[in-house]
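These notes concern the structure reproduced below.
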Amino acid sequence: MAAVGKKMGGVPALGWWLMVVGTVRLVLAFSGYLDTAQLAVATYANAEMTGVHGRTLGVWMLLSCTLCFLCAFNLDCKPIYWATFLSFAYGYVHFILEYCLTAMVWMLLQWNSHGRACSAKQH
């Protein structure tokens with residue numbers, strides 16, 4: 001897989017983007033270890049988040065950060081490229097499903113809580 005794209009300082013634009021994303025993930029990894037309470041408020045406002053949850057998120061972010069930096073410097077290596085791509089795909093699918101399922105379950109739980117039954121228009 002050729003590293004296609006505009007090069008800035010010898011690194012393709014995709015490599016720079018992966019380094020930016022990797023840096024953000026590194027910051028999130030440290031916040032998972034160091035400040036779980038703040039992470040819980042910022043991410044899961046209505047859920048209890050323990051230290052174990054924060055450390056698990058921190059490990060995931062550290063792993064994905066590592067993949068981003070490995071891929072940024074090895075864009076021609078197919079296995080690293082695919083592993084990094086799949087880490088993005090897994091994260092995206094996870095959050096989309098979590099959002100959709102949470103919304104659907106919430107609506108189902110509130111099924112009979114709002115309003116009255118609709119009736120035909122009366123003339």
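Numbers at a glance
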read-out: Inter-site label distance for L108 and F73 at 7 Å from Cα along Cβ, in nm; value: 4.8
read-out: Quarter of the Cα convex hull surface for region 7-109, i.e. its orientation-mean projected area (nm²); value: 7.7
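Rule-based calculations on the coordinates, nothing more; no lab input. Note that the structure is predicted; figures quoted are calculated from it, not measured. All Cβ positions, glycine included, derive from the backbone under ideal geometry; neighbour counts span all protein chains shown.
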